[in-house]
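Each remark here refers to the structure printed beneath this line.
The values are calculated or read from the model by the stated rules, or taken from the named source; none is laboratory data. Bear in mind the structure is a predicted one, so any value in this text is a computation, not a measurement. In this analysis, Cβ positions are derived from the backbone assuming ideal geometry, glycine residues included, and neighbour counts consider all displayed protein chains.
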Amino acid sequence: MISRRDYLQLAALAGVSLAAAPKALLAAEGGQRALITRTIPGTSERLPVIGLGSSASFSRIAGAGETAVIQKLLEHLAKIPNSVFDTAPSYGASEEVAAGVARTSGVNQKLFWATKVNVAGFGGSHADPKAARAQLDRSIERLGKTPVDLIQVHNMGDVPTQLGLLKEYQKAGRVRYVGVTTTFPQHYEQLERVMREHELNFIGVDYAIDNRVMEERIFPLAQQRNIGVLAYQPFGRDRLWQKVKGHTVPEWAAEYDIATWGQFFLKFAISHPAVTVATPATSNERNLIDNLGAATGRLPDEKGRQRMIAHVESL
């Protein structure tokens, strides 16, 4: 097998233009590779299992005003209808810049737009309702799409107040789905309580091949409660890239239509039945195209998942 970079270079040399890449990624020997989608629990709506996050490097290019790059990223994503774009007011300039680009280019109507609200800070216990409303109104106005597809309480900030506001906005038809997020272990117990005590459509949590704590309690509860799951940090930020540096993808990964390490990590994440969508962040056009390739073809079964875990742990 080949590296992520070599795979993309070979694709370009073979005539796979970036403009046609998402369509080309569906092509397979002897026919078409099926696009993998998941149903939002409790609904008939389906989402492609790979989306795009806007933290980290995406936030940096947004802050630098690289709107042309952001437009290309969003246009590629929008070629697969209803793909999830995940952002937040706290991701630097990401929400503001991406929403402006999406609105002016018209892709705001093609994407499943997921943003967040939090004026209470990290795990904060008090949110000013007036400030939270102002943040929500600003997010909705920026995008120019009503209702916004999903807004979640970010980092478990004053859930009673801010989730209460989201329910109000949902009832008023300004947001379709609501939820809560965290990627911090000190919030997991609180997250479980909120999942039991409130009607949620989604949660957003950290999950990766080397970070599987969600499988113990949170994922089974999400399945029991019909809550969709956005899997954040499927590359463990850059942790997994450091782990596999200098190693090639094992040949047997081709059994799951995996060509690169990025697809290896993503296919592991989305192969868990509780995961609705994984949203890796990137500012690189080629990496986005590679990531979208993980939303096609075959997924590992439980035996395959264990084989993948063992291989990564052996490196």
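Worth a mention:
- Taken together, Phe202, Phe184, Phe122 contain a single residue that is hydrophobic (A, V, I, L, M, F, W, C), within 22 Å of Ala281 (Cα to Cα) and over 18 Å from the mean Cα position of the chain (by Cα), which is Phe122.
- Restricted to segment 186-221, and to residues there that are of a type in the set (Asp, Glu) and assigned to a loop (DSSP other than H, G, I, E, B), the residue that is nearest to Val153 (Cα to Cα) is Glu199.
- Out of Leu266, Leu240, Leu292, Leu288, one residue alone is closer than 20 Å to Thr181 by Cα and either assigned to a helix (DSSP H, G or I) or in contact with a strand residue (DSSP E or B) (Cβ under 7 Å, 6 or more places away or on another chain) (or both). It is Leu266.
- Evaluation of Gln224 against the conditions (1) surrounded by fewer than 18 Cβ atoms within 10 Å (Cβ to Cβ); (2) of a type in the set (S, T, N, Q); (3) outside any helix (DSSP H, G or I) shows that the sole unmet condition is (3).
- Pro234 vs. criteria exposed (fewer than 14 other Cβ atoms within 10 Å of the Cβ), within 19 Å of the chain's Cα centre (by Cα), under 22 Å from Thr296 (Cα atoms) and of a type outside the set (Lys, Arg): no
- Among the residues of segment 154-185, those identified as assigned to a strand (DSSP E or B), of a type in the set (Val, Ile, Thr) and either out of contact with any Lys or Arg (no Cβ under 7 Å at 6 or more places or on another chain) or touching a residue at least 40 places away in the same chain (Cβ under 8 Å) (or both) are Val175, Val180, Thr181, Thr182.
- Tallying residues that are within 21 Å of Pro41 (Cα to Cα) and surrounded by fewer than 21 Cβ atoms within 10 Å (Cβ to Cβ) within segment 202-217 yields 4.
- Criterion (crowded, with 18+ Cβ neighbours inside 10 Å and either out of contact with any Leu (no Cβ under 8 Å at 6 or more places or on another chain) or of a type in the set (Val, Ile, Thr) (or both)) met by exactly one of Gly293, Gly304: Gly304
- Residues considered: Gly123, Gly204, Gly179. Of these, the only one that is within 27 Å of Ala278 (Cβ to Cβ), at pLDDT below 95 and not aromatic (Phe, Trp, Tyr) is Gly123.
- Considering Gly100, Gly121, Gly92, Gly144, the condition of being more than 24 Å from Ser57 (Cα to Cα) and either in contact (Cβ under 8 Å) with a residue 40 or more places away in the chain or among the small types (Gly, Ala, Ser) (or both) is satisfied by Gly144 alone.
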